[in-house]
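Below: the structure, in structure tokens.
FYI, it's all coordinate maths here, none of it is from the lab. Because the structure is predicted, anything quoted here is derived from the model rather than measured. As a convention, Cβ positions derive from the backbone with ideal geometry for all residues, glycine included, and neighbour counts pool all protein chains shown.
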Amino acid sequence: MAPLPLTSTRTLITKEGEFDLDFVKEAAQDEVKPHPGKYHTIGILYHTYYHILACVGFYHLFYLKWQSLLWVIFYHYCGIIGIGTGVHRLYSHRAFKATVPLRILLLFMYAIANGISAFSWSRDHRVHHKYSDTDADPHNAKRGLFYSHFGWLLLHKHPEVINKGKNINLDDLYNDPILMFHHRHYTLIRFITCIVIPIFVPTYFWGEYWLYAWTAGHGLVQVFTSHCSYTVNSLSHQFGMKPYDTSYLASECRLSNGLTLGEGHHNYHHAFPYDYSHGEFNSFLLPFNLFRLPNGSTTFIETCALLGLAYDLRRPPKEMVLRRMNRTGDGSLKVE
Ligand SMILES: [Zn+2]
Ligand SMILES: [Zn+2]
């Protein structure tokens with residue numbers, strides 16, 4: 001597809017990846033004020049229950065049958081792909097197009113982590129990009145590592161998130177019948193995906209003890225998969241270099257990248273949010289770089305494209321990336 005236009009400022013005009021530079025610059029001058037939100041009682045109880053369950057599940061990992069251990073790892077990575085490739089790259093940023101079977105599969109995989117609906121996730125993520133690291137960002141990294149990782153889930157939303165969130169264009173999400181079906185029936189879908197399947201499959205097919213399947217297969221996978229994805233909001237907004245644009249807190253975090261199969265190239269991602277590849281290296285179609293981790297989600301998308309399940313993969317021209325690096329990067333990455 002044709003390259004996307006840059007305005008005279010460095011605001012990228014894509015409705016799925018807008019960045020309000022003026023607002024963010026102005027907010028950067030302000031000191032971080034105390035969060036006015038109240039504690040989210042249901043959220044606190046929910047996360048307390050799941051973290052206790054996950055701790056027991058971790059203990060039970062050592063008693064699992066080998067088939068269950070492989071299943072737990074497989075199901076965890078399905079959840080990671082569902083979040084990174086599904087709700088993030090496909091629905092939040094429209095970085096590629098997907099056929100109906102792939103969209104259904106990705107929404108199914110997304111529900112493994114038992115988070116908010118894919119529609120709500122995509123909406124909040126667009127707010128995050130447009131108002132990064134301000135009070136209007138749902139997980140404002142300026143409030144610290146714990147808040148951006150997990151603390152924001154224990155509070156009601158900051159009023160600015162709700163206020164500024166009204167400016168986000170969600171027409172494409174509302175017009176996606178599969179996504180809206182998923183949103184309307186999400187309680188049932190996540191009950192099946194996150195609870196029924198991870199307990200039923202190991203107990204029915206290879207006779208795993210139901211208690212181990214419940215704590216490790218369901219509880220631990222749900223919590224660990226969620227925490228891996230949370231690192232993109234926390235670690236990738238605190239640690240790492242900024243070769244593409246120093247005006248974001250978003251950075252290139254290897255740990256987060258490894259935990260999320262490629263979502264940690266976050267400085268690149270905030271600079272080019274519509275890019276399906278979320279980085280420049282290490283997939284089937286991208287050049288190899290010894291110093292970068294494999295980009296698992298990008299390889300998954302490219303595989304789907306080869307199978308005819310994904311198409312219109314979006315990427316900025318190489319020259320645009322180089323110009324951006326020279327203009328706004330920190331010089332930490334040299335690319336010929
Ligand atoms: Zn971010
Ligand atoms: Zn994003």
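Stretching the chain fully between LEU211 and ASN169 yields a gain of 10.7 nm (0.36 nm per residue, less the alpha carbon separation).
Its residue count N fixes a reference of 2.2 N^0.38 Å for the chain, and the Cα radius of gyration divided by that reference is 0.98.
Close lysine pairs were tallied over region 38-328: pairs 8 or more places apart or on different chains with Cα atoms under 28 Å apart number 22.
The local environment of LEU154, defined by Cβ-Cβ distances under 15 Å, has a net charge of +3 under the rule Lys, Arg +1 and Asp, Glu -1. The eigenvalues of the Cα gyration tensor, multiplied by 5 and square-rooted, give region 188-324 an equivalent ellipsoid with semi-axes of 34, 19, 12 Å from largest to smallest.
Relative contact order of the chain, please, whole-number percent, based on alpha carbon pairs below 8 angstrom and at least 6 residues apart. Each step should come with its number before you reach the end.
Numbers: 550 pairs, mean separation 71.9, N = 336.
This gives 21 percent for the chain.
Computed from backbone phi, the HN-Hα couplings of region 156-164 come to 5, 4, 5, x, 5, 5, 5, 5, 6 Hz, rounded to whole numbers (Karplus: 6.51 cos²θ - 1.76 cosθ + 1.60, θ = phi - 60°; Gly and Pro given as x).
Please label the shape of region 171-267 as rounded, prolate or oblate, based on the square roots a ≥ b ≥ c of the eigenvalues of the alpha-carbon gyration tensor (a/c under 1.5 means rounded; beyond that, a/b larger than b/c means prolate, else oblate).
Working: a/c = 3.79, a/b = 1.54, b/c = 2.46.
Here region 171-267 falls in the oblate category.
When shorter helices are ignored and each DSSP H run of at least 4 residues is given -39500 (n - 2.57), the per-residue value for the chain at 222 nm works out to -13500 deg cm²/dmol. For LEU155, the residues 5 or more places off, or on other chains, whose built amide H falls under 5 Å of its own are HIS40. The phi torsions of region 259-272, fed into the Karplus equation with coefficients 6.51, -1.76 and 1.60 and a -60° offset, translate into couplings of 6, 10, 6, x, 8, x, 7, 8, 5, 4, 5, 5, 6, 10 Hz, rounded to whole numbers, with Gly and Pro shown as x.
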